[in-house]
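Here the structure is laid out as structure tokens; the discussion comes afterwards.
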Amino acid sequence: MRDSTARELGYPLQAHQQNKGRGRTRVIGLILQDIANPFYTEVSAGVIDAARARDYEVFLAHTQESGETLAKVVDTMITPCRRHRHHRSASGGR
């Protein structure tokens, strides 16, 4: 069902499947202190443009200058990577 929904939405399944086994997501996490700051608007637009030119996407988060929020965001962004590494090591690196 997930694959058929992805096809309907035009999601490129082949690219996802190719990267899935290698642990690569082609996603960059960009964490900003304050998304309302015009400086960060320009920076994030530049990062997104550069990433897309290299076939990456960007997930954007902002911390509202909170250390606690920063810790949660970082943990959320790296948790899938940790799970993937654990799965690969448990399955003999496959």
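The values are calculated or read from the model by the stated rules, or taken from the named source; none is laboratory data. Since the model is a prediction, treat every value here as computed from it, not as a measurement. FYI the Cβ positions are ideal-geometry reconstructions off the backbone, even for glycines, and counts take in every protein chain you see.
Please specify each residue of the stretch 41-72 satisfying the condition of being charged (D, E, K, R) and either part of a helix (DSSP H, G or I) or surrounded by 13 or more Cβ atoms within 10 Å (Cβ to Cβ) (or both). Of everything in the stretch 41-72, those that are charged (D, E, K, R) and either part of a helix (DSSP H, G or I) or surrounded by 13 or more Cβ atoms within 10 Å (Cβ to Cβ) (or both) turn out to be Glu42, Asp49, Arg52, Glu68, Lys72. Note on the stretch 65-94: among residues that are modelled with pLDDT of 90 or more and polar (S, T, N, Q), the one that is farthest from the chain's Cα centre (by Cα) is Ser66.
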